[in-house]
Amino acid sequence: MWRPCGAIDDTYEKDLAIVRTRLQWGGMLAGLIALFLMPYYVSGVTLNTVNHIAITIVALHGVNILTGMTGLITLGQAAFMAVGAYSMTLMIEFWGWSFWAAVPVATLITGLVGIVVGLPSIRIKGFYLAMATLAAQFIIPWVIMNVRPDLTGGTDTITVPAPSLGGFKFISQESIFYICMTVAVLVTYFTRNLQRSRFGRAFVAIRDNDLAAEIMGIGIIRYKLLSFFLCSLYAGLAGCLYAIWMRGLSVEHFTLNESIWYLGMLIVGGMGSVPGVVFGAVLIRGLNILVLYIGPYVGNYFDAATATAIELGMGPIVFGLVVLGFLIFEPRGLARIFERFKAFYRIWPFSY
């Protein structure tokens, strides 16, 4: 954690604190105020993108816990989001639950599904575990489409009721922003503290050397399943937010492509880093929006067929090039670049 020269920790509370100085407290409070006043000074289109980024951050924190902290690969985060989204929608639509009651239950259901999918991690890891989670990515959408399609809509899109509180309905992007961003901030704070807890240290020990961790007395099975549970829990919560943001659900929203995008964001942001999750989500989602605007201009220089191909393929191409560039030049992602910047800024201008 960056802090100015001369700031000394004379108590354990100060040593463990995330925010340590008055300057940092002031900067954090000013940043939060500016963040939550965003609906008043940005357009609706921009706010729509910000909501998507906030939802992505929630889901990506789950991938970071499982892959970045614990070292277990997942290719099914989008499928777990579908579990949370459909569970919440069905409870609201058919059981008459409110949004605020359905979300905790839906996230818990998703976490339990994650434990079931994570059971193979007891005996396998690496490529084989990736294949197990990939199987979940195919099985879960198939179940949604073919088991009780009269409830889930099958391959059709179903409408998601808007949440309400005291007669006020969260319909506009401005009102949904306060739900999504509040959850994103709280999840980020919780994950940062989890990383510093004994659970987070156990996850990192398993990632670095699971055999040595087991010899030290860490319950490998328990912590691996806990990591899967938390990853899926976050995915279920992100799925609930995604449902109210889109106001409609279809299995086409939760494809393997989305799960791969989450892994790419984590690589770009920095595996195992909480700030890296935010950096990766903002950069990749921002680039995706930028490509949507640039694609038609580039296509103007080609014939119609080529222009269509360019518009459809530019997003994946840019995404692949960005991930490849970070893997070659900075495998530890934007978080490492940010750490180097803080180290430079702390001692500037006396860098020697």
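Quick look at the values:
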item	result
At 1.002 mPa s and 20 °C, Stokes diffusion of segment 256-352 via Kirkwood alpha-carbon radius, µm² per second	144 µm²/s
Principal axes of segment 41-254: Cα extent on each, largest first, Å	56, 43, 27
In Å, descending, principal axis extents of the Cα set of segment 245-303	44, 27, 20
Protein-only accessible surface order, largest first, of 38, 145 at 1.4 Å	145, 38
Extension gain from residue 222 to residue 172, taking 0.36 nm per residue of separation minus the Cα-Cα distance	13.8 nm
Helix-only CD estimate at 222 nm, as mean residue ellipticity for the chain, using -39500 (n - 2.57) per DSSP H run (n ≥ 4)	-24000 deg cm²/dmol
Cβ charges +1 (Lys, Arg) and -1 (Asp, Glu), total dipole of segment 220-314, debye	500 debye
Normalised contact order of the chain, rounded percent, pairs of Cα under 8 Å and 6 or more residues apart	28 percent
Separation between Cα centres of segment 253-279 and segment 141-185, rounded to whole Å	23 Å
Surface accessible to a 1.4 Å probe, residue 15 within the full protein complex, Å²	80 Å²
Segment 66-107 versus segment 4-55: alpha-carbon centroid distance in Å	27 Å
Amide proton proximity set for residue 330, modelled H, under 5 Å, gap of 5+	none
Pairwise FRET efficiency - residue 321 versus residue 155, Cβ, R0 = 45 Å, nearest 0.05	0.85
Sequence of 285, 192, 340 when ordered by accessible area, the most exposed leading, probe 1.4 angstrom	340, 192, 285
Under 5 Å, built H, 5+ apart or other chain: amide partners of residue 75	133, 134
The chain: DSSP helices with Cα axial extent of at least 24 Å and average Kyte-Doolittle hydropathy no lower than 0.5	44-63, 77-94, 99-118, 127-146, 173-196, 220-246, 274-299, 304-329
Two-site label geometry, residue 48 and residue 19: point separation in nm, points 7 Å out along Cα→Cβ	3.3 nm
Accessible carbon and sulfur surface of the chain relative to its total accessible area, %, 1.4 Å	69 percent
Lys, Arg +1 and Asp, Glu -1 on Cβ, resulting dipole of the chain about Cα centre, debye, nearest 20	980 debye
Most fluctuating residue given options 237, 151, 134, as computed from a GNM of the chain linking Cα atoms under 10 Å	151
Rounded accessible area per residue of the chain, 1.4 Å, Å²	52 Å²
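The values are calculated or read from the model by the stated rules, or taken from the named source; none is laboratory data. This is a predicted model, so every value here is computed, not measured. Positions of Cβ are backbone-derived with ideal geometry, glycine not excepted, and every protein chain shown enters the neighbour counts. All accessible areas refer to the heavy atoms of the entire protein, side chains included, with ligands and DNA or RNA removed. Shrake-Rupley method; radii C 1.70, N 1.55, O 1.52, S 1.80 Å.
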